[in-house]
Amino acid sequence: MTAAAYQYVGLPDASVVTTRALLTARENISDTVAARAMMCIHGGAGFGKTLAAPICLRGLEPHEDVRKITFRARPTARAVRYELFTALDLAGEPSRHPGGFDRLLKTALSERPRTFLVDEARWLDGEAFEYFRCLWDEPATQLAIIFVGGEGCHTVLRRGPMLSSRIFIWQHFTRLTPGEVLEAIPLFHPVWADADPGDITFADQHAAHGNFRAWAQLTAHTRTALTRTGRPRVDQELLRWAFSRLA
């Protein structure tokens, strides 16, 4: 997949690189969905987890009914219900009473197997996670749930035995190792395709630090520098200029 709108910086010509973490996520998500289970993908900001999950789930469509839910602030239980109502494209008005609302959602979820991708799950507290667990525990719902979030998501899920014991697979996204950087970054963007490996290592040590989001940002500035200077390829003088924009 080339990414005219690559996450975070809208980086033209970027490609999604099949890293070891992405391959593992593809296998883990496939197994989780097949088991109608729950999974937690967690890790630091910019490590690629939010990009990886939908890419992996896309490979299961159209046979799998995937619904994405994203939280941007800490939701109440009522807000979670409304997000689910919207994600499921349910007709009519939701019930004003929690019991009626729950019955409506459970009835809809029992119609066929579904997968929820719950992004930015770091915003969920124990009560919100418990609500998802209750829906998942309902025998008729046939749910698979992929929680994706920062380390706070992992911490909250691990804190409660009722929740943590139900997580089928945990996957921790980490920084790219120096070796992975040299393998992945030349495939990530044409800027780096013919770059000297020493310059890629230099860029990683001084600016990107194995973080894919940082690499996207650095690549955007490096493209600008190449265009303005007319230089044919990356060098350390040009990279230092790009670093100055990241300081």
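The values are calculated or read from the model by the stated rules, or taken from the named source; none is laboratory data. All values reported here derive from a predicted model rather than from experimental measurement. Cβ: placed from backbone, ideal geometry, glycine included. Neighbour counts: every protein chain shown. Please note that ligands, DNA and RNA were not included when accessible areas were found on the heavy atoms of the full protein model with its side chains. Shrake-Rupley method; radii C 1.70, N 1.55, O 1.52, S 1.80 Å.
Within segment 181-202, the set of residues being surrounded by 17 or more Cβ atoms within 10 Å (Cβ to Cβ), in contact with a Ser or Thr (Cβ under 8 Å, 6 or more places away or on another chain) and assigned to a helix (DSSP H, G or I) comprises VAL181, ALA184, PHE188, VAL191, TRP192. Checking ARG158, ARG96, ARG103, ARG122 one by one, the residue that is within 16 Å of THR50 (Cα to Cα) and free of Cβ contacts under 8 Å to residues at least 40 places away in the same chain is ARG122 and no other. Could you tell me whether PRO232 is at negative phi, surrounded by fewer than 20 Cβ atoms within 10 Å (Cβ to Cβ), in contact (Cβ under 8 Å) with a residue 60 or more places away in the chain and over 20 Å from the mean Cα position of the chain (by Cα)? Taking the combined requirement at face value, the residue does not satisfy it.
Total residues in segment 210-237 satisfying the condition of being aliphatic (A, V, I, L, M), assigned to a helix (DSSP H, G or I) and closer than 12 Å to ALA195 by Cα: the figure is 0. Quick check on ARG213: is it under 30 Å from THR70 (Cβ atoms), open to solvent by 60 Å² or more (accessible area, probe 1.4 Å) and at pLDDT 95 or above? Taking the combined requirement at face value, the residue does not satisfy it. Filtering ILE145, ILE167 for residues that are under 19 Å from ALA34 (Cα atoms) and either of a type in the set (Phe, Trp, Tyr) or open to solvent by 10 Å² or more (accessible area, probe 1.4 Å) (or both) leaves a single hit, ILE167. PHE71 passes every criterion in (1) open to solvent by 20 Å² or more (accessible area, probe 1.4 Å); (2) under 23 Å from ALA25 (Cβ atoms) apart from (1).
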